[in-house]
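The values are calculated or read from the model by the stated rules, or taken from the named source; none is laboratory data. For clarity, every value in this text was computed on a predicted model and none was experimentally measured. Note: ideal-geometry Cβ built from the backbone for every residue, glycine included; neighbour counts use all protein chains shown.
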Amino acid sequence: MKQIRIYFFSVAMLLCTMSAWAQDHMYSQFFNSPVYLNPALNGQFEGDFRMNMIYRNQWASVPGSLSYITASADYNIPKFGAGVGVMFTRSNEGTAYFLRNNLAGIYSYSVGSDDFVLSFGLQAGIGNRTIDRSKLVFGDQIDPQYGYIPGSQSAADLGSLTNKFYFDAGAGVNLVVGEFMVGSALQHINRPDQSFTGAPAKLPMRATAHVSYRWDLNPYDNIDEDEKSYVIPSVVLYKQAASSSLNVGLQYKRRSVNAGVWYRSGGNTGPSAFVVSFIFDLFINREGGEKLRFGLSHDAPTSKLNYSATSGTTEGSIGYETTIPSRNSYHKFEGSRRCYDFY
């Protein structure tokens with residue numbers, strides 16, 4: 001009976017994530033994977049070259065892996081207000097090793113003045129979707145008394161196609177005015193067909209909207225920017241088909257440390273969660289703009305799934321940013337705030 005209970009709990013977890021198989025995953029540390037959040041944030045940083053990587057281990061104690069990783073590298077070309085980059089994303093979901101990979105190139109361009117910066121981003125790449133059908137378990141392989149029977153064969157038609165490639169495209173826009181930043185992005189604009197069977201299975205478009213405000217706690221103090229303290233509230237909205245999520249929270253930033261608390265609503269299709277996050281910046285060469293960034297966050301579900309059954313979700317991230325010594329210092333928009341100032 002214990003084996004049967006474990007199996008049915010696994011099935012319940014699978015049902016909770018079935019819609020996620022057709023949807024994109026979201027990161028709690030969205031600010032440490034900016035290019036994944038919005039391609040318009042590509043090339044929007046103070047240095048010349050940047051690399052980011054983030055890993056998400058969802059519901060660690062649930063049978064079957066639910067893990068996600070995104071790695072990106074982008075290059076800032078301030079003379080033209082442009083940026084070029086590349087991003088790789090991989091997800092592994094369920095005991096059948098349902099894998100999704102995506103490799104994309106990104107181009108961004110900014111216009112503005114010393115008062116505002118408006119950025120546009122275009123993304124295009126190749127997606128790949130695979131599944132190990134031999135790992136699937138069907139009802140006719142489960143004995144009512146003993147549970148799953150190892151080595152048993154199902155009469156279900158598994159089909160033959162286990163690998164699918166498709167073209168994928170996205171775009172985004174971001175605006176920074178004074179202490180406000182607002183942006184939006186749309187992914188899977190071409191709605192690629194990711195079907196294994198030949199019957200159409202269009203990947204729904206994913207819409208993202210985000211807004212942040214930077215509140216200076218030392219507005220009248222005559223101190224350097226790096227010595228000030230800030231509170232940065234943000235709202236991030238995701239919408240893809242019937243799935244939606246709303247992130248609301250704030251970060252407290254002082255010097256090289258950044259701590260935040262968030263609440264994420266899972267909408268009608270997923271669990272809600274409280275999130276705590278921490279960011280640590282290690283400056284290798286502050287004057288040269290070279291630094292390492294480490295991020296850590298943990299989600300505690302508050303509905304539909306309990307914490308004791310899932311052990312929550314943990315994310316870790318690392319970023320590296322540097323300047324090229326041979327390049328002359330140049331800032332196209334001298335007096336304006338940029339998106340990297342918010343985190």
Within the stretch 53-63, does at least one residue satisfy the condition of being among the polar types (S, T, N, Q), in contact with a Gly (Cβ under 6 Å, 6 or more places away or on another chain) and either modelled with pLDDT under 95 or outside any helix (DSSP H, G or I) (or both)?
no
Here are the criteria: (1) without any contact (Cβ under 8 Å) to a residue 60 or more places away in the chain; (2) surrounded by 17 or more Cβ atoms within 10 Å (Cβ to Cβ). Tell me which single one Gln44 does not satisfy.
(1)
Subset of the stretch 64-92 [touching a strand residue (DSSP E or B) at 6+ places or on another chain (Cβ under 8 Å) and outside any strand (DSSP E or B)]
Gly64, Ser65, Phe80, Gly81
Residues satisfying the stated conditions in the stretch 228-260, i.e. touching a Lys or Arg at 6+ places or on another chain (Cβ under 7 Å) and farther than 23 Å from Ser303 by Cβ:
Ser229, Tyr230, Ile232
Here are some residues: Gly289, Gly335. Which one is buried (at least 17 other Cβ atoms within 10 Å of the Cβ), modelled with pLDDT under 95 and over 23 Å from Ala60 (Cβ atoms)?
Gly289
Does Phe88 qualify as being free of Cβ contacts under 8 Å to residues at least 40 places away in the same chain and of a type in the set (A, V, I, L, M, F, W, C)?
yes
State all residues of the stretch 206-232 that are in contact (Cβ under 8 Å) with a residue 60 or more places away in the chain and more than 18 Å from Glu179 (Cβ to Cβ); if no residue qualifies, say none.
Arg206, Thr208
If we ask which residues in the stretch 64-73 are farther than 13 Å from Thr314 by Cα and at pLDDT 95 or above, their number turns out to be 4
Hey, any hits in the stretch 97-117 for a residue that's out of contact with any Ser or Thr (no Cβ under 7 Å at 6 or more places or on another chain), modelled with pLDDT under 65 and either part of a strand (DSSP E or B) or surrounded by 12 or more Cβ atoms within 10 Å (Cβ to Cβ) (or both)?
yes
